[in-house]
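What follows is a set of notes on a single structure, which appears directly below.
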Amino acid sequence: MPDPFHHFATDLNYGDLPAPLLAVLRRSFLDTMGVAAVASTTQMAQIALRGACAMFGPTEAGRARALMQGTPLSPAGAAMAGGFTIDAVDAHDSSSPCKGHAGSAVFPALMAVADSLPKPLTGQDFAVLLALGYEVSYRAGLAQHATCADYHTSGAWTSVGVATAVARALGCDAEAIRHAAGIGEYHGPRSQMMRCIDHPTMVRDGVGWGAPSGVVAAYLAREGFTGAPALTCEEAPTFWADLGTAWRTVEDTSYKPYPCCRWAHPSIDSVAHLMATHGLTHQDVAGVDIRTFHNATRLAGHRPASPDEFAYGIAFPVATMIVRGQIGMPELGVTTLNDPDILRISDSVRLIDDPHLTKISQGKRWAQVTLHTTDGRRFEDVARTPKGDNDQPLSDREISEKFHLFADPVLGTARSAEIETLCTGFDRLTAPEFARLLDLCLSAPPRQ
């Protein structure tokens, strides 16, 4: 029998973290902070911050700054504001097997708690917490998807990972950590992901509530509140049998080159390839056929009216790539939604529910694209899965370029460069050096 997860959480040390795991955590730190920087400028982030201020102001028991905002809140409030902020731009790291995201909840929660602790953490301390948060989240997510009929948001299972990692940060023993996970699971948001796919709004992937749910669970468990067992941790042994000997975080973490739903990415990759290979311009394109798996066809999004609808669409992001040749900072602006060239192409996109691609899109995301031109030609691509998965990984250079594309216009090149230097070796930082990294990531951007 494997060691119970709560004993694993208590006993894990920095020396137990393999080099490939640390490499993933460093990449995710940098990637997530770039997303947080650009996302801090969105309406969704500002609304979430105002809500957190109204409900979760700082207390004598803890003060933490909201990610990229600097506003003092309680640890739960900072976790909430930070989770919603990162989720406002759908470009953070992913797990295809879990059909969701861990870092968008784990980072804001753990950074908030780290900011509030009386004893500063070292980079090694934080690496252990990140490893716990990711690993427990992923395994709880796999267990939940295998045992629940409905497709729940990432907030539903990251609440378990966050609770476990925060309880460790608060010095809880194994039994208290066990209860923290149970509380986090029980009170975590069992929100339906497909509702947000069908009706895109700011609720997004549920991490804005999953992160604070996990934080609150850990603080309750520290005070003696009970909640065990977490069923995803204790009654789904298949997903925990190799805990400590294999790392789902290494196997399953992927990165996004585009700020929209992962389900759209293989189609975006495909049109970029076809346009470049055949020397096409958007004026040449008369229509686009996309064969993909069933749930992806529900993204649709031919004429998004908001950034939320843009994020949960396929047709419009694909048309954006055809017309603009990129989906970066400028394309996140609301003016893009009214671009007549993009709208023309988007209206021409036909989404085809393909049973075979649905069948093989278990843990992967498949799509096959055909372009039709105004002069009657037809260009058909092979079926693809997204770039950024482990079989087609983004390079360190591509991660860096993406970070600067998002962060530099918001934070300035000097601050962004320092964040990059510290993130890419965060686990080797002393306590004062790690405190500096927290300051750079939690403080508000300069006024433009």
How large is the dipole of the chain about the Cα centre if only Lys and Arg carry +1 and Asp and Glu carry -1, each at its Cβ, rounded to the nearest 20 debye?
580
Go ahead and set up a Gaussian network model of the chain, Cα springs under 10 Å, then flag whichever of 392, 69, 144 fluctuates most.
392
Size of region 8-95 as Cα extents on the principal axes (Å, biggest first)
41, 32, 19
Surface/4 of the Cα convex hull for region 212-330, nm²
12.0
Going 7 Å from the Cα of residue 14 along its beta-carbon direction, which residues of region 153-187 have the amide nitrogen within less than 20 Å of the resulting point?
165-172
Restricting to Cα pairs under 8 Å and 6 or more apart, the percent relative contact order of the chain works out to 21
Give me a comma-separated list of calculated 3J(HN,Hα) values for region 237-253, in order, Karplus coefficients 6.51, -1.76, 1.60 applied at θ = phi - 60°, integers in Hz, x for any Gly or Pro.
x, 4, 8, 10, 4, 9, 4, x, 10, 10, 10, 4, 4, 6, 6, 10, 6
Name the long-range amide H neighbours of residue 299: under 5 Å, sequence gap of 5 or more, or other chain; modelled H, no Pro or chain starts.
none
Report, in degrees rounded to the nearest 10, the 0 to 90 angle that the Cα long axis of helix 75-87 makes with the longest principal axis of the chain.
10
Using Cα atoms only, what is the angle between the long axis of helix 315-324 and the major principal axis of the chain, expressed in degrees (0 to 90) to the nearest 10?
70
Taking region 350-397 and dividing mean pair separation by its residue count, relative contact order in percent (alpha carbons under 8 Å, at least six apart)
25
Euclidean distance between Cα centres, region 416-448 to region 126-176, Å:
25
Can you give the percent of C-alpha pairs in region 262-380 whose distance is more than 23 Å?
24
Report the Cα centroid-to-centroid distance between region 230-296 and region 59-87 in angstrom, as an integer.
30
Grab the Cα-Cα distance for residue 444 and residue 245, subtract it from 0.36 nm times how many residues apart they are, and report the gain in nm with one decimal.
67.6 nm
Can you give the charge dipole size of region 262-380 about its Cα centre, rounded to the nearest 20 debye, using +1 on the beta carbon of Lys and Arg and -1 on the beta carbon of Asp and Glu?
360
Give the lysines reachable from residue 402 as a straight Cα distance under 28 Å; neighbours fewer than 8 places away on the same chain don't count.
99, 256, 364, 387
Using the Karplus equation 6.51 cos²θ - 1.76 cosθ + 1.60 (θ = phi - 60°), what ³J(HN,Hα) coupling, rounded to whole Hz, does each residue of region 337-351 give in order, writing x for Gly and Pro?
5, 10, 5, x, 5, 5, 4, 4, 5, 4, 5, 8, 6, 10, 9
GluC sites (Glu not before Pro) within region 196-242: which are DSSP loop residues with at most 14 other Cβ atoms inside 10 Å?
223, 235
Using each residue's phi in region 428-442, evaluate 6.51 cos²θ - 1.76 cosθ + 1.60 at θ = phi - 60° and report the 3J(HN,Hα) Karplus result to the nearest Hz, with x for Gly and Pro.
9, 7, 6, 4, x, 5, 5, 4, 5, 4, 4, 4, 5, 8, 9
At 0.36 nm per residue, and after removing the present C-alpha to C-alpha distance, how many nm does the segment from residue 55 to residue 226 gain when stretched out fully?
59.1 nm
What is the mean projected area of the alpha carbon convex hull for region 315-374, to one decimal in square nanometres?
5.2
Taking Cα pairs under 8 Å and at least six residues apart, what relative contact order does region 262-380 come out at, in percent?
41
Positive-end extreme of charge dipole, the chain - chosen from 154, 25, 425 (charges on Cβ)
154
For the chain, take the longest principal axis of its alpha carbons; what is the angle in degrees between that and the long axis of helix 123-147, to the nearest 10 within 0 to 90?
60
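Read-outs throughout are calculated quantities, based only on the coordinates presented, and are distinct from any laboratory measurement. None of the values given here were measured: they were computed from a predicted structure. A quick note on method: Cβ atoms are made from the backbone with ideal geometry, for glycine too, and the neighbour counts reach across all protein chains shown.
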